[in-house]
Each structure stands twice: as C-alpha cells, then as structure tokens.
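Heads up: the structure comes next, in structure tokens.
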Amino acid sequence: MSMLATPEAPSSPPVPTTSRVVMTGYRAWIDRAVALCALGTGLAALVLATTTQLAYINTVWLVVIGGGIFASSILLPIYAWSSRGVRVPATVFALSVMVGLWTWTSSWRDPSVTALDAPFLWMVIGVSTVVISIAWGDTVAVVHNLFCSAAYLIARVSNSGGAVSALVALQDTLIVALQPLGLLLLFSFARKQAADLDAWVAASNRLVADAALRTALVGERARLDGVIHDEVMTTLVSAGRGDGTHDASLAAQARHALASLDAEGSEDIGADAFPPANVGRLLEDVVGSACPTATLGLDIDPMAPLVPHKVVRTLARAVREATINAEKHAQAARVRVDVRISAGRQGRVDVAVLIADDGRGFDPALVSSRRLGIRVSLVSRMESVGGTARVESVPGDGTRVALEWSGHPDERRRTSRAVAGRDHPMFERIDVRPIGRLTVGFIVLFVSVGVLEIFASAVPVATALTVGLVALSTLLVISGFGRRQPAWRAWGATGVGIAIGLLGAQAMVGVDRGHADWWVASLCILTVLVRAGGHRLAAWLLALATAAIVMVAAMPGGNPLNEVALALNPAGWLAIVEMLALWIVKVQRDMDVAQRAVDESSAHSAASFGKLVLREVWLTDLRDQVDPMLSKIADPAGVLGPDDREACLALEGTLRDNIKAANLTGPALSAAIMEARLRGVQVTLVDNRGSRLPDAARRAVLRHLEGVVRDARSGKIVARTAPEGYEEAVTIVEINDHGSRMTRIDNEGMIAVSQA
C-alpha cells in the first residue's frame, strides 16, 4: 500500500526553473500605477504643447510624435489591466519621446523665433524611462535615458528650446538625466520587493497547505487502517482459523467488510478541482504504490490553474494502470515516470505524464482487439476527459506511454486569478533603507542644482542660505527613515521648510529666473519625509505653506498652468503618499480575513485531496488484495479449503505489514512475501523509521528483498529499517539450514552483503 501510511506528508514537488517571470498582486499594481502616471504626464505634456508651442510645431511631427504619445498613453493602462503586458505600448511611448527630442529642433517652424518654455517633452522623459524599464529591463532604460538627456541638452540651448544659457541647460540636463534614473531605481526596488513578498507569501501558503495536507492524510489513513483492522483483518483471521465449513455469521461479517470498503470509496470528494502541487503529490503516491522501484520526476508550475477533479481521477487511474503494467509484465530493470504540469495560454493548464521502461516491450499491432487493457484503461479513459494516450513499444526495446491533457479548470473557462494585494500582509518585511538612500540622492541632486543657481541668481546670498537649510532639514528627518519620528524633529523640519520657501521665493524675480524654483522639488521630498515619520498635520502645513509662497512669488506674466502646477507639487506628492497609507491600512485590516480564507481553503482542499488519495491509491490497492478472498468468504455457498485458509492468514499478515511496515512493502514484494509464507518461510518486517525512506534506498530495498524472498524455500527472513540519522537505512537477515547472511543497505541505496 501507499507510503502515505507513514505520518510524514509527501515532500513538495520542486518548482521548475523558468525564464518566465511569475508575479502576482504587487507587481501588477506597480505596473498599473506607472501606466497611469504615463497617461497623466503624457496628456499633461500635450495640453502644455497646445497652450504655448502648438503654433510653432510642424503639423506632421505633431501628428506622428504627439499621436504616438497620446495613443500609447491611452493603451498603457488598458494593457496593464489585461494579461497581455505593457511591452508594446511602452515601447511606442518611449520611442515617441526619444525620437521627438532628437527631431525637436527640426520640427520648429521658424528657427528665428525663440520659445518661451522648454520643449514640452521634458515632462515625459522620466516616466518614459520607467515605462521602458518595465518592458525591456533597466539596462535599456538607462541607455534610453542617456539618449533623451543628450537630445534635450541640444534642444534646450537652441531657439526652439528657449535659447537658455549653458548653466541653465546644464541644470536642466542634470534633472532630466538623474531624476528619472532615481525614479528607475525606486521602481526597480519596489518591483523587487513585490517579488520578494510574493515569494514569501507563496512559501507561507505552501507551508499552511502542507500542514493541512499532512493532517488530512494522517486522519484518512488512520480511518482506513481502523476499517482494515476491525473489519477486514478480523474476518481473514476468523476464516483462516476456522474448520472450513460454511459459517453464516462469518459470511455476513465478510459482506459487512466489503460494504464498509464500498462506503469508504463512495464518499463525496468535496472539490471540483485541485492545485497542481496536489496533483503532483497524488501521482507520486500512485506511482509509489503501483511501482515503488520507479524513478519519478516532477516539473510542477505552482502558478498553473487548477486541474479538474474528473481529470485528476482519470489521470491517476491511467498512470496506475501503466505503471502496474511496467511492474508486472515488462520485466524492466528501470522504470521512469515524468510528470509535467504547466500554465498554458488563455488560462489553460497543460498536464503531461510519460511512463518509460527498459523492459522486453511488445508489438502494439499484434495486441488482440479483445485485450482491453490499453484500449480501455488508457486510450478510452483519457479520451473520456478530452485527453490523449499514446503507447509506443518495440520488442526488446522497452515501452513508452504518454498521457496528455490540456484544458480549463472548469467548463466556464475561468482563468487563474492573481493573488490580491490584501493577500500580502507582511509589509514589515520591506527594507525601506534603500528608499531612504534614494531620497538622500534626490536631495543631493536638488542641492547641486541650487549650488549652480547661486552663480546665476540675482540674490546669491539668499540662494546659498536656502541650500544650507535644505541640507539641515533633510538631516532632521532622514535619520531613522521608515519609523515614527519625534515631534520636535517633524515640526523643526516644517519650520525650516517654510524658511526655505521664504528665502527661495526671493530668487523668483526677473524675466529669466532659470532654476530659481529648484527648492520646490526639495520641499516635495521634505514633505514626504515628514509624513513618512508619522506627522500628517506638519506635512500638510508645509505643503500648503509652500503652495501659498509659490503663488505669491509667481513671476508676473508667467504661464499660469506652470505656476499652479509648481505650487501644487508638494501637495500632489503628499496626496499620493496619503493614498498609499490608506491602502496599506486597508491591506492590514484585511490581513486576518485573508489569512483565515487561506487556512480554510487549504483545509478544504487538503480534506478533499486526502479523500482522493484514499479512494484512488490506498483503497484501490486494498481492494485488489482483499476483494477476491472476502467475496469467497461472503459467498453463501462457498466453502474454504485448507489452501484458502492459509491464504487468509497470509493475506492478514500482508495487511499487517502494510500498516506497521509501510517502508518495506510494495505490490510485487507483498505478493512475493505471501507466497513465501505459504511455503513455510517466516518473514518478519520491522519498520523503526518515522518517515519515508530516501528514494534510492527504498528502490534498492524493494528490489533486493523481493529477490531474497522469492529465492527462500525455508528458514527465516527479518528486514528492519533503522531510525533516522543512522548510516544504514535497512538491514536484512536471512537464516536457514545453510547458515546466515546479513545485507546492509545505506541511504544512498548501496548494498553490502556479509556471509556467516
């Protein structure tokens, strides 16, 4: 019977290494957020173009470049919310931005006219860098950013880009080149954290599922062992020790035992479909039961959709039939079973099983049509669920049986859904220190722009003081980033931030103020840091004060859209942080509910799977062994001869071995032991191990012990497993009239024989 008689649950199947990146909840949300940012900035850039630069831009250029940005901006969120990925629209978006920058000067209709603002494409350089990183990776994104930055620098010093000074162009390029790279690092970090969280949650859920499965299997095994002991073994012992005359009460007892086994096999499984990992476990146990010496290979994609219940049952029976044929008829030295379950297209799941042996083989063309084994047990059985079965065999060259099925979890063709964000509760596992270091990098960038501004500003002293205050305010709140900050730090940083605004506003004078508003970007970072330290009121006070200062100091005659956008920058960043905080709170509130759902789902699936193993593996093996004898005992006109009574006692001994020595039993070995006992050989199996033997050791033991038992004609054979931790896994002692012999088999399957 199955090795699942032991308390240890079967090991989880290995997860195959694949180039396909499998991600769930968080990464999908990050990609969607980037797509929405691309939509917002792309449309904002086009609006800016229509208000200040539309009259000077070549119409064909605007249709091609502007149309590419507009169309891809619309498509990005659509693709991000679908299962197709964002590679196509992301590529169009990024290429439109880069080509647009390199052709900007040639698109300007009148080179003698100087633009009042920078090329509107500056707004989408950063988001295009992040978008292309999602589609093609960080290396391509860095190259894209460098090309865009170089093109922007060239355009900025031309009339079409505002004909700014080299210093202002350098400041612009620093922001255009370095700020998007910082964003790229931020999003790459977020995506990596998402991958780590997904992997952690998947591992946690597997542990929960394994624990539930172990409990369910132990419970089902104990229940079946109770039926075997109380109903079947009792009946066999009574029949074996009887006098051979018909006993009506014994016949009734046998019928009751058969009815009890029927009841165990008729219980509702309770599940419509099973996870791929459970299907792999079931097939592992089917193979281990039908052909314990077979080598099994599992290639299971845990993210594949569920496999329907009726397909699982049909597949298990077909695999059982094929492996039994290899065990009993092929006379093979090696049997290999490979199971592969993977995710197909459009939510399909693909299942393939290959059973190959190096046995004597046969010619399928010569198999009589009256032989129903292959046609009914394999081909017709698989065709009944929409699958296929192919049998290839050549006399003397072994046999290959290929079983395949592909379909959807149910008739409605549901696709497997991504794990929701609330199923990822362990936010505290995120290491926020890289975000803190990136924040410092942004501050350094903005301070560098401020230092350059000192040489161009009409009020260099005020600008220098502003630079110093930005550094001071950052030091106040960056220490211990990610944890709640003392109130004095938050309010101190807020006060310093307002002072930064008042000083920085003095530089916003004159017609060409260059980058005199650089300090606004610094205050965006400072506002976020204060809020991240747990002080909402202080953060919003700083954001609103900054907005008021910018609006008051706004240059007369400037672009109103630019001034409003500049004033609302800190508040906009803070609003994004607030939404993120609300989302995290909601996720944490849903954590307990989600975990309970996972536990309940795992328990239900494990219970259903335990019943499936009971029916398709343990009970099937048991019925093959005991049904003929129980039916003979239950026959009202049946009479048991001496050979039948001996067979009853031998069968009872086999069942006892299956319960007490599961590591030392298999179909072929159990049959050999029963025959040896009927010849008068005393065979004793002792299983001291609390878990499953290593596969190599188990195969070696079953093969060697079967040969020893079949060759024995008298005497005594004792096979004993050692507890875990011993170098020798199994010892076999043979005692007969010719002396004794001991065989030692280690955990690697190496056999050593000593003769006495």
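The values are calculated or read from the model by the stated rules, or taken from the named source; none is laboratory data. Small disclaimer: the values here were computed from a predicted structure and weren't measured. Please note: Cβ atoms are built from the backbone with ideal geometry, for glycine as well, and neighbour counts cover all protein chains shown.
Just to be sure I understand, how many residues within segment 658-671 are surrounded by fewer than 22 Cβ atoms within 10 Å (Cβ to Cβ) and under 12 Å from residue 717 (Cβ atoms)?
0
Give 338, 410, 357, 363 a once-over and let me know the one that is surrounded by fewer than 17 Cβ atoms within 10 Å (Cβ to Cβ), modelled with pLDDT of 85 or more and at negative phi.
Testing whether each residue is surrounded by fewer than 17 Cβ atoms within 10 Å (Cβ to Cβ), modelled with pLDDT of 85 or more and at negative phi leaves just 338.
Evaluate the following for residue 139: is it out of contact with any strand residue (DSSP E or B) (no Cβ under 6 Å at 6 or more places or on another chain) and either under 19 Å from residue 65 (Cβ atoms) or outside the structural domain of residue 58 (by TED's automatic domain parsing) (or both)?
no
Here is a yes/no grid of residues against (1) aromatic (Phe, Trp, Tyr); (2) more than 48 Å from the chain's Cα centre (by Cα):
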{"site": "688", "(1), (2)": "no, no"}
{"site": "713", "(1), (2)": "no, yes"}
{"site": "719", "(1), (2)": "no, no"}
{"site": "726", "(1), (2)": "yes, no"}
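Could you grab me the full set of residues in segment 165-191 that are modelled with pLDDT under 70 and of a type in the set (D, E, K, R)?
Hit for segment 165-191 is 191, nothing else.
If you take the residues in segment 333-344 that are in a strand (DSSP E or B) and not hydrophobic (A, V, I, L, M, F, W, C), which one is farthest from residue 284 (Cα to Cα)?
Per the stated criteria, the residue is 342.
Does segment 288-300 contain any residue that is of a type in the set (Val, Ile, Thr), at pLDDT 85 or above, in contact with a Gly (Cβ under 8 Å, 6 or more places away or on another chain) and buried (at least 20 other Cβ atoms within 10 Å of the Cβ)?
Among the residues of segment 288-300, at least one is of a type in the set (Val, Ile, Thr), at pLDDT 85 or above, in contact with a Gly (Cβ under 8 Å, 6 or more places away or on another chain) and buried (at least 20 other Cβ atoms within 10 Å of the Cβ), which makes the answer yes.
For segment 441-472, which residues satisfy the criterion of being modelled with pLDDT under 75 and surrounded by fewer than 18 Cβ atoms within 10 Å (Cβ to Cβ)?
441, 458
Please state which one of 155, 94, 141, 90 is in a helix (DSSP H, G or I), crowded, with 23+ Cβ neighbours inside 10 Å, more than 41 Å from the chain's Cα centre (by Cα) and in contact (Cβ under 8 Å) with a residue 40 or more places away in the chain.
It is 155.
Restricting to segment 75-87, what's the tally of residues that are surrounded by fewer than 16 Cβ atoms within 10 Å (Cβ to Cβ) and either modelled with pLDDT of 85 or more or in a helix (DSSP H, G or I) (or both)?
2
So that you can scan it fast, the table gives a plain yes or no per residue for (1) at pLDDT 80 or above; (2) of a type in the set (Gly, Ala, Ser):
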residue	(1), (2)
199	no, yes
207	no, no
217	no, no
240	yes, yes
243	no, no
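Name the residues in segment 322-333 that are within 32 Å of the chain's Cα centre (by Cα) and either closer than 19 Å to residue 394 by Cβ or acidic (Asp, Glu) (or both), would you?
Once the filter is applied, which keeps residues that are within 32 Å of the chain's Cα centre (by Cα) and either closer than 19 Å to residue 394 by Cβ or acidic (Asp, Glu) (or both), segment 322-333 yields only 322.
State all residues of segment 692-727 that are in a strand (DSSP E or B) and crowded, with 16+ Cβ neighbours inside 10 Å; if no residue qualifies, say none.
Listed by number, the residues that qualify are 717, 719, 720, 721.
All but one of (1) farther than 18 Å from residue 47 by Cα; (2) in contact (Cβ under 8 Å) with a residue 60 or more places away in the chain hold for residue 120, so report the exception by its number.
Against the list (1) farther than 18 Å from residue 47 by Cα; (2) in contact (Cβ under 8 Å) with a residue 60 or more places away in the chain, residue 120 comes up short only on (1).
Conditions tested, residue by residue: (1) assigned to a helix (DSSP H, G or I); (2) modelled with pLDDT under 85; (3) crowded, with 17+ Cβ neighbours inside 10 Å.
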{"residue": "249", "(1), (2), (3)": "yes, yes, no"}
{"residue": "253", "(1), (2), (3)": "yes, yes, yes"}
{"residue": "257", "(1), (2), (3)": "yes, yes, yes"}
{"residue": "262", "(1), (2), (3)": "yes, yes, no"}
{"residue": "270", "(1), (2), (3)": "no, yes, no"}
{"residue": "285", "(1), (2), (3)": "yes, yes, yes"}
{"residue": "315", "(1), (2), (3)": "yes, no, yes"}
{"residue": "320", "(1), (2), (3)": "yes, yes, yes"}
{"residue": "331", "(1), (2), (3)": "no, yes, no"}
